[in-house]
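The values are calculated or read from the model by the stated rules, or taken from the named source; none is laboratory data. Because the structure is a prediction, the values reported are computed rather than measured. No Cβ is skipped: glycine too gets one built from the backbone with ideal geometry, and neighbour counts run over all protein chains shown. For the accessible areas, the whole protein counts, side chains as well, though only heavy atoms, and no ligand, DNA or RNA atoms are used. Shrake-Rupley method; radii C 1.70, N 1.55, O 1.52, S 1.80 Å.
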Amino acid sequence: MRPVLLPRLCRVAVCGGTHGNELSGVYLVREMLKTETRREDGESASVLMVLSNPRAMQQCRRYVDTDLNRCFTHATLNGPVSDGTPYEIMRSRELNAMLGPKGSRAAVDLVCDLHNTTANMGLCFIAYSDSDWICLHIFRYLQMPDTPMRFIHFDVSNKESYSLYSIGKHGFAMEIGPQPHGCVKSDIYTAMKEGVQHMLDWAGYFNSGCLFEGGLVDVFTMVKNVDYPRDGETRNIMATIHPRLQDRDFCLLHPGDPLFQTFSGETLTYNGNEPLYPFFINECAYYEKGIALSLARKKCVTIPSIRAQTEEEEEQASEQSFASEEEE
């Protein structure tokens, strides 16, 4: 089969500190800001480093007023504002102006948003599409022997997508754990640094015209979130993750398997209708969101061979796109 031809990645944004207490991304972007933003060979992308939530970073908090990584839906980006509008909503508009506008031709070509999790998830890509060949090929290229890697798909439309990386024409979160919020661990930081470097290397190879062969990628599509058992009146949690499940992210959970252990010592089992894969198990930041863990189905996605369009092919594609818009 002929390869799929895609536009080059001329502008790439690497963002850290979207959550101000997830410190691997904060320190990595600060380190990258010390070096040139454009790499030596002419085919490499122009790289923009962004510290997304400076106020939250200064206070070493996830956010100041509201979760910035939930502020990038079309409705939030285009809704009314006032003197009382939360800081993160105003910041999301600044970031949209800097990297977007979302959904436009002017948006950066690729956004990589750096995150940490307290869950034992290894290195995960999180994306809103399971057919974005750029993100899937980068993930396939990144395979690192000492770091477990998974691709997580949130099946959400572009209009409703709420994360910072949805601004770009292509985008994903690079989520690495386990790491407690408010501190940085050398192994987690190093894995993130290597992941970002491999991503930028891939973009350079792609822009230079390299052909990337197709293949298979396992994709975990999120099905639902599960809350902790709660008291009907106080809404206080009544159990924690069962010790047999704790730290076993992406290990298949079968109906009847232990799920929670109540504070009185009772085991509560998973009563779903099908085996699913748990992730974000006991994520610290999700207590306030009412999420004990998320569950996903795994499928194997066939990705095609791809290469970057030549300048002539880009011009032809742009003319065809303009002609189609004129007809509409």
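Evaluating 6.51 cos²θ - 1.76 cosθ + 1.60 at θ = phi - 60° for every residue in segment 128-136, the Karplus couplings come out as 8, 9, 9, 9, 8, 5, 5, 5, 5 Hz, glycine and proline recorded as x.
Return one quarter of the surface area of the convex hull spanned by the alpha-carbon atoms of the chain, equal to its mean projected area, in nm². All intermediate terms of the calculation are to be shown ahead of the outcome.
Details: hull surface 79.6 nm².
The number I arrive at for the chain is 19.9 nm².
Where in segment 274-307 is the amide nitrogen less than 12 Å from a point lying 7 Å along the Cα-to-Cβ axis of residue 213? Residues 305 qualify, since their backbone N sits under 12 Å from the label point.
List the trypsin sites (Lys or Arg not before Pro) within segment 149-185 that fall in a DSSP loop (any state other than H, G, I, E or B) and whose Cβ has at most 11 other Cβ atoms within 10 Å.
Of the trypsin sites (Lys or Arg not before Pro), the ones in loops of segment 149-185 whose Cβ has at most 11 other Cβ atoms within 10 Å are 159.
For the chain, relative contact order (Cα pairs under 8 Å, six or more residues apart, normalised by length) works out to 20 percent. Solvent-accessible surface of segment 8-213, taken per residue with a 1.4 Å probe and all protein chains present: 41 Å². Pairs of Lys residues in the chain, spaced 8 or more positions apart or belonging to different chains, with C-alpha separations under 18 angstrom: 8 in total. Which value does Rg/Rh take for segment 136-220 over its C-alpha atoms, Rh per Kirkwood? Result for segment 136-220 is an Rg/Rh of 0.97.
Subtract the Cα-Cα distance of residue 233 and residue 58 from 0.36 nm times their separation in residues, and report this length gain in nm to one decimal. Write down the numbers at each step before the final one.
Working: separation 175, 0.36 × 175 = 63.00 nm, distance 3.69 nm.
Length difference between fully extended and current span is 59.3 nm.
Principal-axis analysis of the Cα atoms of the chain puts helix 311-327 at an angle of about 80° to the longest axis. Residues whose amide H comes within less than 5 Å of that of residue 218, counting only those at least five positions distant or on another chain, are 301 (H built at 1.01 Å from N in the peptide plane).
Modelling each spin label as a point 7 Å along the Cα-to-Cβ direction, I'd like the residue 159/residue 74 distance in nm, to one decimal. Distance between the two pseudo-spin positions: 0.5 nm. Couplings for segment 75-92, taken from phi via the Karplus curve 6.51 cos²θ - 1.76 cosθ + 1.60 with θ = phi - 60°, read 5, 5, 5, 10, x, x, 10, 8, 4, x, 5, x, 3, 5, 5, 5, 5, 4 Hz in order; Gly and Pro are left as x. For residue 116, the amide hydrogen comes within under 5 Å of the amide hydrogens of 176, counting only partners 5 or more places away or on other chains and with H modelled in the peptide plane.
Of the accessible area of the chain, with the probe set at 1.4 angstrom, what percent is carbon plus sulfur? Display every interim value, and only then the final one.
Working: 7550 of 15650 Å².
Accessible surface attributable to carbon and sulfur in the chain totals 48 percent.
Derived scalar couplings between HN and Hα for segment 193-204 equal 4, 5, x, 5, 4, 4, 4, 5, 4, 4, 4, x Hz in order, rounded to whole Hz, by the Karplus curve 6.51 cos²θ - 1.76 cosθ + 1.60 (θ = phi - 60°), x for Gly and Pro. For segment 81-188, the pair-distance distribution built from all alpha carbon pairs, in bins 10 Å wide starting at 0, is 13, 39, 33, 13, 1, 0 percent.
Where does segment 220-300 land on Rg/Rh, using Cα atoms and the Kirkwood Rh? Present the calculation step by step, with values, prior to reporting the outcome.
Details: Rg = 12.3 Å, Rh = 12.9 Å.
For segment 220-300, the value is 0.96.
Across 171, 272, 182, mean-square fluctuation computed from a Gaussian network of the chain (C-alpha pairs under 10 Å connected) peaks at 272. Based on Cα contacts under 8 Å between residues 6+ apart, segment 250-306 shows a relative contact order of 28 percent. Accessible area per residue for segment 220-300 is 53 Å², calculated with a 1.4 Å probe on protein heavy atoms, without ligands, DNA or RNA.
Entry note, segment 53-105: relative contact order of 34 percent, from Cα contacts under 8 Å with a spacing of 6+ residues.
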